[in-house]
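Each remark here refers to the structure printed beneath this line.
What follows draws every value from the coordinates through simple rules; no lab data is involved. Here the structure is a predicted model, which means the values were calculated and not measured. Every residue, glycine among them, receives a Cβ derived from its backbone with ideal geometry; neighbour counts consider all protein chains shown.
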Amino acid sequence: MLYFDHSATTPIHPIVLDKMNSISQNHFGNPSSIHASGRKSKSIIENARRIIAESIQASPNEIIFTGSGTEANNSVLWSLIYEKNKHVITSSIEHPAILKVLDSIEPFGITYTKLPVNKFGEVNPKALEEVIKDDTGLISIMMVNNEVGTINPINELINIAEKKNIPFHSDAVQALGKTPLSVKDIRADYLSFSSHKFYGPKGVGFLYKKKKSKLNPIIIGGGQESQFRAGTENISGIVGLSEAVRLSAQNLDKRILHLKKLESEFKSKLSHYSSNIVFNGHPKKHVPGVVSTSFPGKRSDILLAELDREGIEVSSGSACGSGSIKPSFVLEEMGISESQNTSTIRVSFGRGNTLEDVNVLVNALLKYTNV
Amino acid sequence: MSDTVIVGMSGGVDSSVTAKILKDLGYNVECVFMKNWEGDDKNCNSEEDYKDALSVCDHLDLPLRSVNFSNEYWDNVFKHFIDEYARGRTPNPDVLCNREVKFKAFLDYAFDLGAVKIATGHYAQINESEDEFHLLKGLDKNKDQSYFLYLLGQNELSKSLFPIGDIDKVKVRKIAENSGLINYAKKDSTGVCFIGEQQFFKEFLKKYIPVKPGLIQTIDGKICGEHDGLMYYTMGQRKGLGIGGGHGFKEAPWFVADKDLDNNILIVAQGHDHPSLFHHGLEADQIHWINEAPTNSLENISAKIRYRQDDQSCRITELSKNNCKVIFNEPQFAITPGQSVVFYIDNKCMGGAIIDKRF
């Protein structure tokens, strides 16, 4: 099996798995208990929190563990229903974990404006300035798009938000592990992350919340995570997450280099064989290793099945959207024609892929697409 | 590599056993789950069905792909379904779904995927003789589904397999159980697939067709109640009329005998044997023949005017390219415009037409 769908999820890094196994076997205490077992678990979690904070240059008390990136997004958005300013500005190509949540909280008085994107999938900061209202209480714009890998001009957007004194959130789920990420550089109020996107376990994520930024909890109970997110902690998951974060930070340059090498090999090989193939997203401002590519005249669902038969795994559109041949709304918003849209696949490389794998993929694509 | 057969997998026991049988026969089997209905209608079990399909395919080690035909279903089946109800008729969406979705959109998709045949879990049989394909009833007389398949033609039959058509349902369930399929005891689906059980029907139609209440009259012109809209009723319907005692002479139940569409009046008759509920003949249109159209009147023909009805002896008295008149040997209860009349000679399904009028 050749796996090229790392934007959907990644395999757990063996070092991460070892750590998690060891924690699961040896430490079961409830971190809220005051006895030795409990204290041990608590200290393991706090240690994990420190590692994560350090890697993005935040303080440990700015890290809130959640069950997923989706939950991190939800907590920031739902928090707003308790606030006076209930208008949200977002972009038209956010993940459903933003857009569907906004629809769901409309009955609580939330209104929102979706900013359009250009043909590369970027939000224009000038457009943001124009839609800010008196009651805008949050700007939430993704750092990296999951389907095309385009990186938004996040600091320009944050500058505008800061000037107007509006809290800024970014869904950074697709960014960590593929681009340097420090909260000293990116001065967002909230950032959402998901562990399984960078070789950590599924079922765990975290929210970075700037110390002074407000958050009204949505999961209430035993007061864990400094009252921000109740529920007995997923100790091994949290440790797996922190180890995955640590490895990502430690190997970032190496990983980026590797992904860039695979990506450029893939693109140049394909372009060499055909001039009909189109690459979507921003040619420069994108994370390495994520390639959205269209094969004019070839339906992506058929292509996906043909590759699947050969044990080659890629995706079309976002993972949640596959299983239907509905055109991707992200590509639609980027102004891509329906015929190009439905002939688009996403290839996302990872640390396990080799140049040889890329050749197998390219050959299979050429075989099935007749481009 | 062996021939690829693609199975339309619903998550039910019939299509699951279909896949199992083909796999055992040595075909290269792949399964496709069709999602034909969008929206979060709580009565549509599509997601649960998908999970069943996935566990069955996982158990049989077969790939499962999904495809969304909701646009095709909406444009070519559902719109017609609504139009027919708005005209006071009782359509049969399953007949159309087979022609437009399962044996058109799905068939094309499967062939694009490299299939040499498609297969479904229908209780019917295909017989090839003298370069012609014939549609035969399923072996299990109780489950025979040829009624729903009469709109298929030579092209569709030549590309399809019905591997459980010569097995009875009890045995199909047995095969499923012995093969360890989780859905071996799953309830057969009933009702219209996108609505679910009968009790949701009114609520559903209301969303698409404006409600036009009116009066209920007896066959003799006596007003005996009010109806919520003619579309909610079908010929021969007994339940849900809301007519109590006091209108008739005896306590026998009331039945829908007719619809006066011009005056929006529902006409009812008392007692199952009331003569106004029975007709000797019908006129039908949109006629379709599975094999070549007959040139003269067919000998020994019989027909079903509803699914699971016993074959009724009849004569086709007038026949043109698109229309026919049918006279039955015995009067028929509740001949219903919009439903299909399907013709048989013995075990063989000849074709059928849509009932327009009765006389």
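Treat chain B as a sphere of radius equal to its Kirkwood radius over Cα pairs and apply Stokes-Einstein at 25 °C in a medium of 0.890 mPa s; give the translational diffusion coefficient in µm²/s, rounded to a whole number.
Numbers: Rh = 21.9 Å.
Using the Kirkwood radius from Cα pairs, D works out to 112 µm²/s.
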### Query
Can you give the charge dipole size of the protein assembly as shown about its Cα centre, rounded to the nearest 20 debye, using +1 on the beta carbon of Lys and Arg and -1 on the beta carbon of Asp and Glu?
2540
#### Entry: Cβ-based charge dipole, chain A, positive-most Cα from A:Ser300, A:Val204, A:His35
A:His35
### Task
Any chance you could check the Cα centroid distance between the range A:7-82 and the range A:125-148 for me, in angstrom?
29
### Query
For helix A:252-273, what angle does its Cα long axis make with the longest principal axis of chain A, in degrees from 0 to 90 and rounded to 10?
20
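Give the calculated FRET efficiency between B:Leu298 and A:Asp103 to the nearest 0.05, with a Förster radius of 51 Å applied to their Cβ-Cβ distance.
0.30
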### Query
Which trypsin sites (Lys or Arg not before Pro) does the range A:203-241 hold that lie in a coil by DSSP with at most 11 other beta carbons within 10 Å?
A:Lys211, A:Lys212
### Query
If contacts are Cα pairs under 8 angstrom and at least 6 residues apart, what is the relative contact order of chain A in percent?
23
## Note on the structure
Measuring from the longest principal axis of the C-alpha atoms of chain A, the long axis of helix A:36-55 (C-alpha) lies at a number of degrees, nearest 10, equal to 50
### Query
Between A:Ala36 and B:Glu177, what is the label-to-label distance in nm when each label sits 7 Å out along the Cα-to-Cβ direction?
5.6
### Message
Please compute the Kirkwood hydrodynamic radius of the protein assembly as shown from all pairs of different C-alpha atoms, in Å with one decimal.
### Response
29.8
#### Entry: Over 24 Å (Cα to Cα) - which of B:Lys20/B:Lys186; A:Lys267/A:Lys326; B:Lys79/B:Lys207 fall in this group
A:Lys267/A:Lys326
## Note on the structure
For A:Lys40, counting only lysines whose alpha-carbon sits under 16 Å away and dropping same-chain residues fewer than eight positions off, the answer is A:Lys19
### Task
Name the most mobile residue of B:Val67, B:Val268, B:Val341, meaning the one with the largest mean-square fluctuation, in a Gaussian network model of chain B with Cα contacts below 10 Å.
B:Val67
### Query
Of B:Ile243, B:Pro91, B:Leu60, which is farthest on the positive side of the dipole of chain B, counting Cα position, with +1 on Lys and Arg Cβ, -1 on Asp and Glu Cβ, and the Cα centre as origin?
B:Ile243
### Query
Lys/Arg Cβ at +1, Asp/Glu Cβ at -1, dipole of chain B taken about the Cα centre: which of B:Tyr123, B:Thr218, B:Phe81 is farthest positive-ward?
B:Thr218
### Message
With +1 on the Cβ of every Lys and Arg and -1 on the Cβ of every Asp and Glu, and nothing else charged, how large is the dipole of chain A about its Cα centre, in debye rounded to the nearest 20?
### Response
820
### Task
Just need the relative contact order of the range B:233-359 here, percent rounded to a whole number, with Cα pairs under 8 Å and 6+ apart.
26
### Task
Give the shape of the range A:113-188 as rounded, prolate or oblate, defined through the alpha-carbon gyration tensor: a ≥ b ≥ c are the square roots of its eigenvalues, a/c under 1.5 means rounded, and otherwise the shape is prolate if a/b is larger than b/c and oblate if not.
oblate
### Query
Do the sum for chain A: with -39,500 (n - 2.57) for every DSSP H run of n ≥ 4, divided by all residues, what is the mean residue ellipticity at 222 nm, to the nearest 500 deg cm²/dmol?
-12000 deg cm²/dmol
### Task
Kindly put A:Arg299, A:Arg346 in sequence by how many other C-beta atoms sit within 10 Å of each C-beta, fewest to most.
A:Arg299, A:Arg346
#### Entry: Residues B:Asp3 and B:Ser320, FRET efficiency given R0 of 41 Å [Cβ-Cβ distance, rounded to 0.05]
0.50
### Task
Using a 10 Å cut-off on Cβ atoms, rank the peptides B:114-120, B:174-180 from the highest mean neighbour count down.
B:114-120, B:174-180
### Query
In degrees from 0 to 90, rounded to the nearest 10, what is the angle of the helix A:154-163 Cα long axis to the longest principal axis of chain A?
40
#### Entry: Set of aspartates and glutamates near B:Lys23 by C-alpha distance (under 20 Å), chain-local residues within fewer than 8 positions excluded
A:Glu306, A:Asp308, A:Glu310, B:Asp3, B:Asp14, B:Asp52, B:Asp58, B:Asp61, B:Asp166, B:Asp168, B:Glu177
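Is it possible to state the helix-based mean residue ellipticity at 222 nm for chain B, with each DSSP H run of 4+ residues giving -39500 (n - 2.57), the sum divided by total residues, to the nearest 500 deg cm²/dmol? What is it? Could you put the intermediate results ahead of the total?
Working: 9 runs with 72 residues, N = 359.
Roughly -5500 deg cm²/dmol at 222 nm, from the helical runs in chain B.
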### Query
Percent antiparallel among DSSP beta bridges with both residues in the protein assembly as shown, to the nearest 5?
65
## Note on the structure
Flagged as over-length at 24 Å C-alpha distance, from B:Lys143/B:Lys321; B:Lys222/B:Lys259; B:Lys137/B:Lys174; B:Lys202/B:Lys239; B:Lys159/B:Lys304; A:Lys100/A:Lys214, the pairs are B:Lys143/B:Lys321; B:Lys159/B:Lys304
### Summary
Dividing the mean separation of Cα pairs under 8 Å (6+ apart) by the residue count of chain B yields a relative contact order in percent of 16
